[in-house]
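Participant: Let me begin by handing over the structure; questions about it come next.
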Amino acid sequence: MLELIDITKIYNPGEINETCLFENFNFKAEDGEFISVVGSNGSGKTSLLNIICGSIPVEKGKILLDGKDITAMPEYKRYGQIGRVYQNPSMGSCPDLTILENMSLADGKGKKYGLGMGVDKKRIDYYKDMLTPLGLGLEDKMNTLVGSLSGGQRQAMSLLMATMTPLRFLILDEHTAALDPKTAETIMELTDMIVKQKKLTAIMVTHNLRYAVEYGTRLVMMHRGNVILDKAGEEKQKATVPDLLTIFNEISIECGN
């Protein structure tokens, strides 16, 4: 279980544009949950992910993983148990390396490197078997530079690479936002399959309300650093896009838009 307890996050402290985003903020993710997080710009969605991953520090509060305090744990150590896929497909892979080399790097995450070859040829068939179900033909392009692939192909690779090693959590930061509709659907189906097969706890930030409604086991809406909607189980299954739009409209009126 992942817990954020009494988190306070202040941006630009002591400056004229100081902003307190979170104040005594609490959030809990139970094992096996697939949480979709929506909200207006500036609501704290991405900051939530960054705090979980250790990308940004907090002024106050604790982050607990199975009861262990990881608040001071460096970001790179947290990635031993957390996989993250970003909005920009280029952030999850190395463009100047081939598909084979990229997957070999991901396969070696957390392992000690010696002076041997960086690519284990015995693993090539395994990588191809991982790529084949995507239906993108990547299994036949193992020696192709990743930088020459389309955004959708790179994002599919990023998702696979982020989950190649044993993980507990998958963090998805608007990972379909930069893709065309058809490719986004493919990536969402792949995401759902991976989360279920590997029994991961996943937190997905998205602006696509339909994805938030259709995928996952829990739906959270944020506004100004607070959770204003939290639905799970049957309540989540009954949620609709018009329901969410109604709340967004109410927020917009409240903010004077």
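Participant: Counting Lys and Arg as +1 and Asp and Glu as -1, what is the net charge of the other residues whose Cβ lies under 12 Å from the Cβ of His207?
Facilitator: Net of charged neighbours comes to 0.
Participant: Could you tell me which of the pairs Lys9/Lys62; Lys121/Lys196; Lys45/Lys182; Lys77/Lys198; Lys9/Lys77; Lys28/Lys199 are separated by over 23 angstrom between their Cα atoms in the structure shown?
Facilitator: Flagged as over cut-off: Lys121/Lys196; Lys45/Lys182.
Participant: Could you point to the residue in Ala232, Phe34, Asn102 farthest towards the positive end of the chain's charge dipole, with +1 and -1 charges on the Cβ of Lys/Arg and Asp/Glu respectively?
Facilitator: Farthest along the dipole direction, towards plus: Asn102.
Participant: Against the longest principal axis of the chain, how steep is helix 181-198, in degrees 0 to 90 to the nearest 10, with axes from Cα atoms?
Facilitator: 90
Participant: State the percent of C-alpha pairs, over all pairs in segment 195-257, separated by a distance greater than 20 angstrom.
Facilitator: Percent of Cα pairs beyond 20 Å in segment 195-257: 29.
Participant: Based on the alpha carbons, how large is the Rg to Rh ratio for segment 155-219 when Rh follows Kirkwood?
Facilitator: 0.92
Participant: Next question, about the same structure. Looking at the chain, I'd like the Rg to Rh ratio, where Rg is from alpha-carbon atoms and Rh is Kirkwood's inverse mean 1/r.
Facilitator: 0.99
Participant: Using only the Cα atoms of segment 54-166, what semi-axes does the equivalent ellipsoid have when each is the square root of 5 times a gyration tensor eigenvalue? Give whole Å, largest first.
Facilitator: Listed largest to smallest, the semi-axes of segment 54-166 are 30, 17, 12 Å.
Participant: Taking amide hydrogens as modeled 1.01 Å from N in the peptide plane, which residues meet the under 5 Å criterion relative to Phe34, leaving out close sequence neighbours?
Facilitator: Correct list: Ala202, Thr217, Arg218.
Participant: Based on the alpha carbons, how large is the Rg to Rh ratio for segment 11-111 when Rh follows Kirkwood?
Facilitator: In segment 11-111, Rg relative to Rh is 1.01.
Participant: Ok, one more. How long are the semi-axes of the ellipsoid equivalent to segment 118-257, from square roots of 5 times the Cα gyration tensor eigenvalues, in whole Å, largest first?
Facilitator: Those come to 35, 16, 13 Å.
Participant: Could I ask something else about it? Taking only Cα atoms, what is the 0 to 90° angle, nearest 10, from helix 241-254's long axis to the longest principal axis of the chain?
Facilitator: The answer is roughly 50 degrees.
Participant: While we're looking at this one, here's another question. For the chain, with all protein chains present and a 1.4 Å probe, just round the carbon and sulfur fraction of the accessible area to a whole percent.
Facilitator: Answer for the chain is 52 percent, counting heavy atoms of protein chains only.
Participant: Same structure, new question: For the ranges 193-202, 155-164, 29-38, what's the packing order if you count other beta-carbon atoms within 10 Å of each residue, average per peptide, and put the highest first?
Facilitator: Top of the packing list down: 155-164, 29-38, 193-202.
Participant: Pulled fully out, how much extra length does the chain show between Asp125 and Lys60, if you take 0.36 nm times their separation in residues and subtract their Cα-Cα distance?
Facilitator: Gain on stretching Asp125 to Lys60: 18.6 nm.
Participant: Using a probe radius of 1.4 Å on heavy atoms only, what accessible surface per residue do you get for segment 53-166? Whole Å² is fine.
Facilitator: 55
Participant: For a quick check of understanding: with a 1.4 angstrom probe and all protein chains in place, what accessible area in square angstrom does Met73 have, to the nearest ten?
Facilitator: 50
Participant: Identify, among Ala156, Ile187, Leu200, the residue whose Cα sits farthest towards the positive end of the charge dipole of segment 155-216, taking +1 on the Cβ of Lys and Arg and -1 on the Cβ of Asp and Glu, with the dipole about the Cα centre.
Facilitator: Leu200
Participant: Then there's this: Mind checking which of Ser90, Leu2, Gly147 is farthest towards the positive end of segment 1-147's charge dipole, using Cβ charges of +1 (Lys, Arg) and -1 (Asp, Glu) about the Cα centre?
Facilitator: Result: Gly147, furthest along the dipole toward the positive end.
Participant: Here's something else I'd like to know. Treating only the Cβ atoms of Lys and Arg (+1) and Asp and Glu (-1) as charged, compute the dipole magnitude of segment 1-154 about its Cα centre; round to the nearest 20 debye.
Facilitator: The calculation lands at about 420 debye.
The values are calculated or read from the model by the stated rules, or taken from the named source; none is laboratory data. All values reported here derive from a predicted model rather than from experimental measurement. Every residue, glycine as well, gets a Cβ built from its backbone with ideal geometry; the counts of neighbours run over all protein chains shown. Note: areas computed on protein heavy atoms with side chains; ligands, DNA, RNA excluded. Shrake-Rupley method; radii C 1.70, N 1.55, O 1.52, S 1.80 Å.
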